[in-house]
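I have placed the structure first, in the form of structure tokens, so that the comments after it can refer back to it.
Derivation of every value follows stated rules applied to the coordinates shown; laboratory data play no part. These figures come from a predicted structure and were not determined experimentally. Positions of Cβ are generated from backbone atoms using ideal geometry, with glycine treated the same way; all protein chains shown enter the neighbour counts.
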Amino acid sequence: MSTQSTGGGAEGNADADGGCAGATKPPASPAAAGAAVATGASADPPTAATATRRRLVVAALMLSMALVALDSACVSTAVPQIVGELGGFSFFSWLFSGYLLAVTVTLPIYGKLADARGRKPVLLVGSALFLLGSLLCAGAWSMGALIAFRVVQGLGGGAIQGTVQTLAADLYPRERRPKIQAALSTVWASSAVLGPAIGGLLAGYASWRWIFLINLPVGLVALVLLKRHLREAHVVPGSRTRIDWAGALGLFAATSLLLFALVQGGVAWPWLSAPSVALFAGSVVAGAVTFGLERRAEDPIMPGWVWRRPVIAGVNLALGCLGVLMIAPMVFLPTYAQSVLGLSPVAAGFVLSVWTLSWPTSAALSNRLYRRIGFRDTALVGSCVGTLLLAAFPLLPYRGPAWEPALLMLLLGGGLGLFQLPLIVGVQNSVPWHERGTATASVLFCRQVGQSVGGVLFAVVANATLTDRLHSAPPALRGALPHGLDETASALLHGSSLGGAATDYLRHALATAVGHVYLGAAAAAALAVIFLATVTPRRFPTTEGD
């Protein structure tokens, strides 16, 4: 199984050897197999009982993913109620930043643990941590306590995100992996639409604490299904390698310091202040120490092959760019729709949410394309489409009809579905079982880091553009105009006393700022095209007998 084939046959033909669901070939060697999933890992056709067990496991995976996907979307809607009860308005952004930080830095660690100890124990422990964090969040007595308990949730969320994606690849042969991955994408899409509504209803008619309490019955159902129906063969004696805890701690420290500096820089303190310099310097030092530890480690937490193999290195770089570009619509489009186009919050949410319809649809259909032209070229098509659509956003007419940005988002979701899913499936197909958790976690880790970096970069771009436009405003308007992105959006939503000329000028300034953000996102998409074309090989290797 560990032998990799790079023959000239099309990748679609390689997928065909998967046969029916659950009929993958037995591993070539026990050491390579590690702890292959027993459900669907037999050479014999699956029985009705096996098929039922697999469906229950998939249901548990989707429930687990829904917990993670719904959580932040629900919390974002309930922020006013949370702040009203607990206070701490100046720190509430850490409800999201602390959670994101914990998820990001633990992804590589959980990926390695899943390869060394099996997927099931990692997912069970991660789910239990997430539920513990949810219970603690529901009982939080202050904003500081709630933030700390959100970090506990994030420590479990990192295990859920990475391990669910890995198990989805374990359970199905190559030809059916796009369907299960598309189903998981649908969970995220549905959560993006339903999450704010659920959070608003609970916060408005019950209590924001129920946002966390409803996780408990859903998570317990998922835990019971996984415990009873997920079957993994025991790890072969001698294959239980020692975990590189020193490297894990070093990676945790380096990534945490970097993300903390990116989140707080320009907000809590200036970029060139002593705290920012100290955090960035600390991240560099911790990274250098970790690099030295990893070079000497017998089995490093972030092994060198993740970056030495062109397939994984190219995909990591490309999906890091995807994380960057996703910030433009996710963060800035709702503000544009409300402040520039004058839409209601519900209508603005619809303009954004339409991409959650096309993304999983194109992802589900992507296998028809990559079986013809390959994983890399399918992702190239999607990233090129994304580049053009993002670059077209600044060309939209000022205060034009809402259907125009909505149409762009619908098409963008279709392009990004072709971009992301083939790369994830291609990487999972290119490695044997005992490397799949690490490879999947590295891909998700790079995307998460890209989102953190994108949030910082685009905030700088938007604020710099607004500052320039406000400073160059006509003297008659300059005294009445606000300063900065937050003040501008608030003035447009609530400041009817600005007057017609000042309001129109502000709208023009904000539209220009968001246009520049989209151009930055288009540049990130173009960079992904370059990485795919130059680093990623056209033909992905495939593991035999997978």
- Message: Along its three principal axes, how long is region 309-546 when you only count alpha carbons? Whole Å, largest extent first please.
- Response: 72, 28, 25
- Query: Out of residues 5 or more away from GLU232 or on other chains, whose amide H comes under 5 Å of its own, with H placed 1.01 Å from N in the peptide plane?
  - Reply: ALA38
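I need CYS384, CYS137 ordered by Cβ neighbour count within 10 Å, fewest first.
CYS384, CYS137
What FRET efficiency would be calculated for the residue pair TRP307, TYR205, taking the C-beta separation as r and a Förster radius of 60 Å, to the nearest 0.05?
That gives a FRET efficiency of 0.75.
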- Report the calculated FRET efficiency for LYS179 and TRP271 (r = Cβ-Cβ distance, R0 = 45 Å), to the nearest 0.05. 0.50
- Message: If I model a spin label as a point 7 Å beyond the Cα along the Cα-Cβ vector, how far apart are those points for LEU365 and VAL151 in nm?
- Response: 4.6 nm
- Message: Give me the base-10 log of I(q)/I(0) for region 245-298 at each q in 0.26 Å⁻¹, Debye formula, one uniform scatterer per Cα, rounded to two decimals.
- Response: -0.87
- Any idea which of ILE109, GLN181, PRO217 is furthest toward the positive side of the dipole for region 46-233, if Lys and Arg beta-carbons carry +1 and Asp and Glu beta-carbons -1? GLN181
- Tabulate in residue order the Karplus-calculated ³J(HN,Hα) for region 200-206, using 6.51 cos²θ - 1.76 cosθ + 1.60 with θ = phi - 60°, rounded to whole Hz; enter x for Gly and Pro. x, 5, 5, 5, x, 10, 10
- Note the full-extension length gain between LEU213 and VAL289 as 0.36 nm times their separation in residues minus their Cα-Cα distance, in nm to one decimal. 23.3 nm
- Query: Rg and Dmax of region 46-233, using alpha carbons, in Å: what are they?
  - Reply: 16.8, 57
